[in-house]
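Report on the structure given below.
The values are calculated or read from the model by the stated rules, or taken from the named source; none is laboratory data. Given the structure is predicted, the values throughout are model-derived calculations rather than measurements. Using ideal geometry, Cβ is built from the backbone for each residue, glycine included, and neighbour counts are taken over all protein chains shown.
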Amino acid sequence: MLAFAGDDGISVPERALFIGAQPHPALKAWPTIVGWQPWKHFATGWEREGFFRSDPLPLERWPLVLVLPGKSRDETLAWFAAARDRLEPGGTLVAAMPNTAGAGRFEKQLKNATGNIVSIQKHKCRAFHAYENGAWREEIFDEWRALGEARKISGFTVKAGIFSSDHIDPGSQLLADHLPAGLHGVVADLGAGWGFLSDAALKRCPEIQRIDLFEADARALDCARVNLAHHDRPITCHWHDVTTGLSEIYDAILMNPPFHSAQATDIDLGRAFLKTAAAALKRGGKLLLVANRQLPYEAVLEANGLTWSKIAEDKTYKILFAGKI
Ligand SMILES: C[S@@+](CC[C@H](N)C(=O)[O-])C[C@H]1O[C@@H](n2cnc3c(N)ncnc32)[C@H](O)[C@@H]1O
């Protein structure tokens, strides 16, 4: 998407920072580009293509900062503010996004904050950039910066852009309400988000010895560390793409599997979670999951050698418990 950024008169400086970095062949010609990427699979792809990745987001200033959108409006605006904070005086902020991600609206908002914008529209996407000229409306960037800060919901720490950042997911709540108190041993929480299910399991199940959380979104995992810090049993947090499998086996696995990639439904992602879970369960182990009722997960459980039963359902969700014999 950013491949044509240099075609419209943007000077291409030696150094650039890329927030939400994803690899593209056109970037290979760049002298020095540093990427920051909170999603594990994109971060892996970026490094696999030979680009340098920084974690955390570096604090120094750059002549050019590129931004791809986050998952939510607040997160994208917070990334604009993060880009602004890292721009050298006179530097350029470039953003690119599909129209379906709200490109027109974000372009208007950035123009309102910077007073100048140059926009290119191609392939149902917009790339737009603004020059820092000392006249940007800093009060708008202050508001956007605040949108990216950690906040509390029902006593839990969350951040914009992570899953269920403004309410507890009702499907996860239904699973939490049905967790058997006798769950024991070493447990994995796949796609753990900010730690709701792990917290519920630790509260309800005194015989759990340890919980390992696996989550691809580094910001969600940071929140989970905070949300679970008060528990006295061992907890490990893994920044991990669950679809690549796990290296240990478990007495029990909990999950509310994702079924969206970007904005699109991706049932294969949910299926891949089930497959990983089936392979990572001990004999006699239990998989406890919640899913939207229409998702065809029962056949996936059977295909992966698990027996299952439906423990509960409401008008939206079903709770499935599966076992490995
Ligand atoms: C439906 S949410 C459930 C979150 C949390 N367990 C809860 O109940 O609130 C699914 C989670 O899976 C994460 N996720 C998506 N793709 C992933 C992947 N490939 N590997 C690991 N986690 C992933 C998402 O970031 C999200 O936090």
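Conditions: (1) surrounded by fewer than 18 Cβ atoms within 10 Å (Cβ to Cβ); (2) more than 10 Å from the ligand (Cβ to nearest atom). ILE168 meets all but one. Number of the miss? Only one criterion is unmet by ILE168, namely (2). Residues in the range 66-76 that are buried (at least 24 other Cβ atoms within 10 Å of the Cβ) and more than 13 Å from GLY148 (Cβ to Cβ): 1 in all. Just so you know, in the range 204-226 the residues that are closer than 13 Å to VAL187 by Cβ and in contact with a Lys or Arg (Cβ under 8 Å, 6 or more places away or on another chain) include one that is farthest from the ligand (Cβ to nearest atom), and it is GLN209. Going by the structure shown, is LEU27 modelled with pLDDT of 95 or more and of a type in the set (A, V, I, L, M, F, W, C)? No.
Regarding ARG233, is this residue surrounded by fewer than 20 Cβ atoms within 10 Å (Cβ to Cβ), among the basic types (Lys, Arg), assigned by TED's automatic domain parsing to the domain that holds ARG204 and not in a strand (DSSP E or B)? The answer is yes for ARG233. GLU138 fulfils the conditions (1) touching a strand residue (DSSP E or B) at 6+ places or on another chain (Cβ under 9 Å); (2) within 30 Å of VAL12 (Cβ to Cβ); (3) surrounded by fewer than 20 Cβ atoms within 10 Å (Cβ to Cβ) except for a single criterion, (1). Checking each residue in the range 255-282 for being farther than 12 Å from VAL242 by Cα, of a type in the set (S, T, N, Q) and either in the same structural domain as PRO98 (by TED's automatic domain parsing) or touching a residue at least 24 places away in the same chain (Cβ under 8 Å) (or both) picks out ASN256, GLN263. Residues that are hydrophobic (A, V, I, L, M, F, W, C) and either farther than 16 Å from GLU143 by Cα or without any contact (Cβ under 8 Å) to a residue 24 or more places away in the chain (or both) within the range 72-126 comprise LEU87, LEU93, VAL94, ALA95, ALA96, MET97, ALA101, ALA103, ILE117, VAL118, ILE120, CYS125, listed in sequence order. Checked against the criteria, HIS184 counts as surrounded by fewer than 20 Cβ atoms within 10 Å (Cβ to Cβ) and more than 9 Å from the ligand (Cβ to nearest atom).
Summed over the range 188-203, the residues that are under 19 Å from GLY270 (Cα atoms) and more than 9 Å from the ligand (Cβ to nearest atom) give a count of 1.
Within the range 187-230, the set of residues being assigned to a loop (DSSP other than H, G, I, E, B) and surrounded by fewer than 16 Cβ atoms within 10 Å (Cβ to Cβ) comprises PRO206, GLU207, ALA229, HIS230.
Of the residues making up the range 112-126, those that are under 21 Å from ASP85 (Cβ atoms) and surrounded by 15 or more Cβ atoms within 10 Å (Cβ to Cβ) number 3. In this structure, PRO63 does satisfy being in a strand (DSSP E or B), surrounded by 15 or more Cβ atoms within 10 Å (Cβ to Cβ) and not assigned by TED's automatic domain parsing to the domain that holds VAL158. Checking each residue in the range 230-276 for being acidic (Asp, Glu) and away from the ligand (no atom under 12 Å from the Cβ) picks out ASP232, GLU248, ASP251.
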